[in-house]
1. Please report how many Lys pairs in the chain have alpha carbons closer than 21 angstrom, counting only residues at least 8 apart along the chain or sitting on separate chains.
2. So what is the calculated 222 nm ellipticity per residue for the chain, using -39500 (n - 2.57) for each DSSP H run with n of 4 or more, over all residues, to the nearest 500 deg cm²/dmol?
3. Report the Cα centroid-to-centroid distance between the range 14-92 and the range 107-153 in angstrom, as an integer.
4. Once you list every other residue whose beta carbon is under 14 Å from the beta carbon of residue 139, what net charge do they have if Lys and Arg are +1 and Asp and Glu are -1?
5. Test of understanding: what is the full-extension gain from residue 141 to residue 97, defined as 0.36 nm times their sequence separation minus their Cα-Cα distance?
6. How far is it, in nm, from the label point at residue 64 to the one at residue 85 when both lie 7 Å from their Cα along the line to the Cβ?
7. If you take every residue apart from residue 152 with its C-beta less than 11 Å away from the C-beta of residue 152, what net charge results, scoring Lys and Arg +1 and Asp and Glu -1?
8. Tabulate in residue order the Karplus-calculated ³J(HN,Hα) for the range 140-153, using 6.51 cos²θ - 1.76 cosθ + 1.60 with θ = phi - 60°, rounded to whole Hz; enter x for Gly and Pro.
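Every number here is computed from the coordinates shown, using simple stated rules; none is lab data. From a predicted model like this one, the values you see are computed outputs, not experimental measurements. Every residue, glycine among them, receives a Cβ derived from its backbone with ideal geometry; neighbour counts consider all protein chains shown.
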Amino acid sequence: MMDFEAHPWKTLCLVAIGVAVVAYAAIGVYTVEGTSMIPNISPGDRVVIYRWGKIRKGDVVILTLPDTKSFAIKRVVGTAGDTISHSKGFIHIAEQSLPLRSEAHPAIATAGVVPVKSYFVAGDLLYESIDSRDYGFISRDSIRGRVLDFRRR
């Protein structure tokens with residue numbers, strides 16, 4: 001029979017490696033390039049995201065854009081089941097009104113409800129932002145993570 005000696009430093013190293021692996025998988029850092037979140041988040045700011053967990057209305061998220069596969073930062077305005085209506089050049093969703101462009105994405109122009117496992121996102125700088133009004137709903141799989149914190153450049 002083999003005897004095992006306790007080596008606290010080995011245990012500590014294994015725990016540290018485990019924590020580092022989990023942190024690497026759960027946390028990401030991105031540098032903001034666009035202007036759609038001004039004045040809250042500006043180009044050059046660095047954001048820390050959490051990749052796991054529930055996405056809620058009001059959360060700022062990093063997402064992969066549907067056609068270009070590039071990243072964008074937007075605020076979640078609507079979640080699955082939220083009603084969408086249109087009137088006088090505006091789209092109304094979850095008690096918010098956003099200017100509706102004449103060339104709005106067909107899914108947005110005709111939708112009555114945000115689909116399951118989907119989100120409606122918009123930039124804080126509404127008149128400059130290219131967002132769900134232009135490219136439609138965002139699937140949960142397209143969201144890289146929720147912004148936890150950011151640092152000004």
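1. Final tally of qualifying lysine pairs is 6.
2. It comes out at -5000 deg cm²/dmol, rounded to the nearest 500.
3. Value for the Cα centre distance between the two parts: 8 Å.
4. Summing Lys/Arg as +1 and Asp/Glu as -1 gives +3.
5. On the way: separation 44, 0.36 × 44 = 15.84 nm, distance 2.60 nm.
So the chain would gain 13.2 nm between residue 141 and residue 97.
6. 3.7 nm
7. Numbers: positive: 46, 151, 153; negative: 45.
That sum, taken over residues with Cβ under 11 Å, equals +2.
8. 4, 5, 7, 8, 6, x, 9, 5, 8, 7, 9, 10, 5, 6
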